[in-house]
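This report concerns only the one structure given below.
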Amino acid sequence: MKQKIFALFILPLFILSCTSRKPLPENVLVIGTETGPSVLDPRFATDAISSTVCGLIYPGLLRRDKKLNLEPYLAKSVDQPDDRTYVIHLREGIKFHSGKELTSADVRFTFESILAPDSISPKKNSFSKIESIDTPDEHIVIIKLSEVFAPFLGNLTIGIVPEGADDLTKEPVGAGPFAFSNYERGAELALKGFDGFIFGKPKLSGVIFKIIPDETVRMLALKKGDIHLISNGVTPAVLPWLEEQKNLKIAMETGTNVSYLGFNMEDEILKNSNVRKAIGQAIDRDSIIKYLLKNTAVEAESIIAESNEFFNPNLRRTAHDPKLAKKLLDDAGFIEKPDGSPRFSLTYKTSKNPTRKKIAEIIGEQLRQVGIAIEIKSFEWGTFFSDIKSGNFQIYSLTWVGVADPDIYYYIFHSESLPPDGANRGRYFNTELDSLLTIGRKTVSLERRKEIYSKVQEMISNDTPYVHLWFGKNIAVMDRRVQGFEIYPDESLDSLAGVYFKE
Amino acid sequence: MLSFVLRRVSLLLPTLFGVVTVVFLMIHLIPGDPVEIMLGESAQSADKEELRRQLGLDRPLGVQYVSYLAGILQGDIGTSIHSHEPVLKEIVSRWPATAELALFAMLFAVAVSIPLGVLSAARKDTAVDKGTLVASLFGIAIPNFWLGPLLIMLFSIEFAILPVSGRGGFDSIILPAITLGTALAAILVRLTRSSILEVMGDEYIRTARAKGLNETAVYFRHALSNALIPVITVSGLQLGALLSGAVITETIFSWPGIGRLMIEAIEARDYPVVQGCVLNISACYVFVNFLVDILYGVIDPRVRVDR
């Protein structure tokens, strides 16, 4: 009996000790991520990590550079003989990881499979203006739109998949610098450098995305050298600790994710633009950025980032000015009460995210200083988001992620963009803005577009349907030996093709 | 005995049926539309309808429920929305990791708690006993999300002898097993101590001592074997909890088990997988409880008598 019990204890130990830990292969970069990709098909990827990984496996015809401008990638050039037609010239000799050549048929298939009637691609809407796709030869694709749609070029950044590809999540095949190797869900995803990459073989022999959900553990793994890079997913509070670590270096650059306060225009109090402006003036963004966000953000005056060519540099800065805020509230008819009781009270909705809740508390306190009482309500994401979409809020706070093309203004503020068909959650109606936004998406000339969207940004700034808070900085923390890594404002990992280890 | 087992099985089925119903309703009644979450806010209404049709979510709730039940009876608990793999296959692929962690956490808990519990009882009211008492209080009170990183800092960073996270060789299971097993060990120490003290007054102990046996033999051979019954019961029930996936421990140590699968599915709004995981966890509990019931019947025949 005793021997049996002994064996029962020892057997599993013995079995386990036989399975040894794989040593890390040479010249492979290990990236720590919070979650793994849910899909590995660019036509279906919507979450950040799926999009990032798809970006490495499947390059698009165009891509965005560090200033978010579009540049040719698999396409050699894109001509526009008229406002509705795009002629795409593909580079020659592009190879898929399978060895097959990438041709115009694959480009056509990618778009057509997204648009197929039974397709459930979340990107369908972006391509819905395509009227026809022609492939006169292997390296030319001609796309004709049903109407002029200036932001269309931005859609050409989507990854190209091989003709006939059905379920790529199981066996991803693209033409990118890294090819799919293995995916153990919940543990790690391995990619290997692709020798036949059109722009040359990457310096790394592979990349591993190691899934470490807990942030503290991710940092400890980085310190120990189990992983080499963390791109984003760093809470400001841990930055001081990371700075002290001798084997690590930190890179930071302003990104395109903009946090804002949204108002409900149908609300009796908030439909008064002076009240909205007063709220903007009462918020001390500077202190929040400095003390809570540890300088990992920069003040925003627009949804468009400063690095974007459409940014209007002449926008009014919403400085912290409680006196002005009080005056604006007085002008709006909400007179300061002699007994110090609030002029009115508002509900501020936010998610359960701890940093967001802290921000809400600080803003609530700052608004109290000018006589506005704020009740903060935080909800689990599903409930919160469904309230926001149905207009069941007074003030809410959220972030727009990866803003590149200014046509997003149509989606957020046009009177036709009420949820569920758009994101005009605050029910903002402004006919002058509506017509500008409609002209904007039908104008192809870059200079003319810049003028239009400068005016749009100015109108939004003056009428304040949003209070722009800040742009978050993208943070990468890496092993000192990692060289050549660059932060892209849209969080893409394109620079990995040129990354190497310095010994 | 057979009729006793049959009676238990007849109770098992309605319980499982209840679990399936509650899980199904829970998933369908909580706020948040999976279609909306999958396609994003910008998708058009027609596309949302198409996806809803493909996922079968456009049918009345009753019809969906019946087809879900019919699927379960045929061993089909759905297909993952994202990986397109059968949910059952996903769960089965994560089982070894969870089972391994549960087993080692249990081994750790038993290996630590029984000797300490016996020692504590033998040295009742001494510094050793009080020290064990305080230690077990700490063990119960320390949350896993704190203990885990603490152990990592000590053994992986300071001493650099164990890996930080992930599942690999034997060394990778030590810290997760200790983290998960600590609270259980603390409970078992207290339980072992009190059940030993309970049997120490019994006559067979006096007999053993009268025979001239040394104290070690009295405690380990005679007292312990009789005091173990409640300890085994609690361990058995806890094994159900451990097997159902230790969400926090698996998250801290990036342990690719059932708990992680469920969290990943929740984050990706992969409803069939969430449903499958909850069902699996509930079934684990129900099944372990069933086994314990049967074991009771074996150990104590009085339980078998129909009252």
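Every read-out reported here was derived from the displayed coordinates using simple, explicitly stated rules and does not represent laboratory data. What you see is a predicted model, and the numbers here were worked out from it, not measured in a lab. Glycine also receives a Cβ, built like all others from the backbone with ideal geometry; neighbour counts cover every protein chain displayed.
Only helical runs count toward this figure. For chain A, summing -39,500 (n - 2.57) over DSSP H runs of n ≥ 4 and dividing by all residues gives -8500 deg cm²/dmol at 222 nm. Rounded, prolate or oblate: which fits the stretch A:57-155, taking a ≥ b ≥ c as square roots of the Cα gyration tensor eigenvalues, rounded meaning a/c under 1.5, else prolate when a/b beats b/c? Here the stretch A:57-155 falls in the rounded category.
Available extension along the chain between A:Glu26 and A:Leu446 is 146.5 nm, counting 0.36 nm per residue and deducting the alpha carbon span. Membrane-span-like helices in chain B, defined purely by DSSP H runs whose alpha carbon atoms cover 24 Å or more axially and whose average Kyte-Doolittle hydropathy reaches 0.5, are B:2-29, B:87-122, B:171-200, B:224-243, B:271-299.
A DSSP coil position with no more than 11 other Cβ atoms inside 10 Å describes the following GluC sites (Glu not before Pro) in the stretch A:104-212: A:Glu147.
Span-like helix criteria (full DSSP H runs; alpha carbon extent of at least 18 Å along the helix axis; mean Kyte-Doolittle hydropathy of at least -0.5) are satisfied in chain A by A:2-18. Residue by residue along A:123-130, Cβ atoms of other protein chains within 10 Å of the local Cβ number 3 on average. Using the Cα gyration tensor of the stretch A:366-503, with a ≥ b ≥ c the square roots of its eigenvalues, what is the shape: rounded (a/c below 1.5), prolate (a/b larger than b/c) or oblate (neither)? Oblate shape, in that a/c is at least 1.5 and b/c is the bigger or equal ratio. Charges were assigned to the Cβ only: +1 to each Lys and Arg, -1 to each Asp and Glu. The resulting dipole of chain A about its Cα centre is roughly 1720 debye. Under the classification rounded if a/c is under 1.5, otherwise prolate if a/b is larger than b/c and oblate if not, where does chain A fall, given a ≥ b ≥ c as square roots of the Cα gyration tensor eigenvalues? Oblate shape, in that a/c is at least 1.5 and b/c is the bigger or equal ratio. Here the stretch A:57-155 is treated with +1 on each Lys and Arg Cβ and -1 on each Asp and Glu Cβ, and its dipole about the Cα centre works out to around 500 debye. Partner aspartates and glutamates whose Cα lies under 16 Å from the Cα of A:Lys450, excluding those fewer than 8 positions away in the same chain, are identified as A:Glu306, A:Glu309, A:Asp405, A:Asp407, A:Glu458. When chain A is described by a simple charge dipole with +1 on each Lys and Arg Cβ and -1 on each Asp and Glu Cβ, the residue from A:Gly159, A:Thr464, A:Val238 located farthest towards its positive end is A:Val238. Around B:Leu243, what is the net charge, scoring Lys/Arg as +1 and Asp/Glu as -1 over all other residues with Cβ under 13 Å from its Cβ? The answer is -1. Computed from the C-beta positions of A:Ser307 and A:Asp286, the FRET efficiency with R₀ = 30 Å rounds to 0.90. Other residues within the sphere of radius under 15 Å centred on the Cβ of B:Val231, judged by their own Cβ, net out at +1 (K and R +1, D and E -1). Label-to-label distance, B:Val66 versus A:Asn69, with points set 7 angstrom from Cα along the beta-carbon direction: 6.3 nm. Considering only beta bridges that DSSP places wholly inside chain A, some 75 percent are antiparallel. Counting 0.36 nm for each residue step from A:Tyr500 to A:Ser345 and taking away their Cα separation leaves a gain of 50.2 nm. Taken along its three principal axes, the alpha carbon spread of the stretch A:441-500 comes to 49, 30, 13 Å, from the longest extent down to the shortest. Averaged over the residues of peptide A:115-122, the number of Cβ atoms from other protein chains lying within 10 Å of each residue's Cβ is 5.
Placing +1 on the Cβ of every Lys and Arg and -1 on the Cβ of every Asp and Glu, with no other charges, gives the stretch A:54-96 a dipole of roughly 280 debye about its Cα centre. Among B:Phe290, A:Thr52, B:Gly259, whose Cα sits farthest toward the positive end of the charge dipole of the protein assembly as shown (+1 at Cβ of Lys/Arg, -1 at Cβ of Asp/Glu, about the Cα centre)? Farthest along the dipole direction, towards plus: B:Phe290.
Need the list of lysines near A:Lys246 for cross-linking: C-alpha distance under 22 angstrom, and skip anything on the same chain fewer than eight residues off. Hits, sequence-local ones excluded: A:Lys223, A:Lys224, A:Lys294, A:Lys502. Sequence neighbours fewer than 8 away in the same chain don't count; with that in mind, list the lysines whose C-alpha is under 21 Å from A:Lys95. The qualifying lysines are A:Lys76, A:Lys170, A:Lys192, A:Lys201, A:Lys203.
Rounded to the nearest 5, what % of DSSP beta bridges with both residues in the stretch A:255-472 are antiparallel? Counting DSSP beta bridges with both partners in the stretch A:255-472, the antiparallel share is about 60 percent. Spatial offset of the stretch A:224-283 relative to the stretch B:142-180 amounts to 32 Å, using the alpha carbon center of each.
In plain terms, the chain from A:Val401 to A:Thr438 could stretch by 11.0 nm, reckoned as 0.36 nm per residue minus the Cα-Cα distance. Take the Cβ atoms of B:Arg123 and B:Ile232, set R0 to 22 Å, and the FRET efficiency comes out at 0.40. Ranking A:Ile289, A:Thr443, A:Gly382 by Cα position along the charge dipole of the stretch A:255-472, where only Lys, Arg, Asp and Glu carry charges on their C-beta atoms, puts A:Ile289 farthest toward the positive end.
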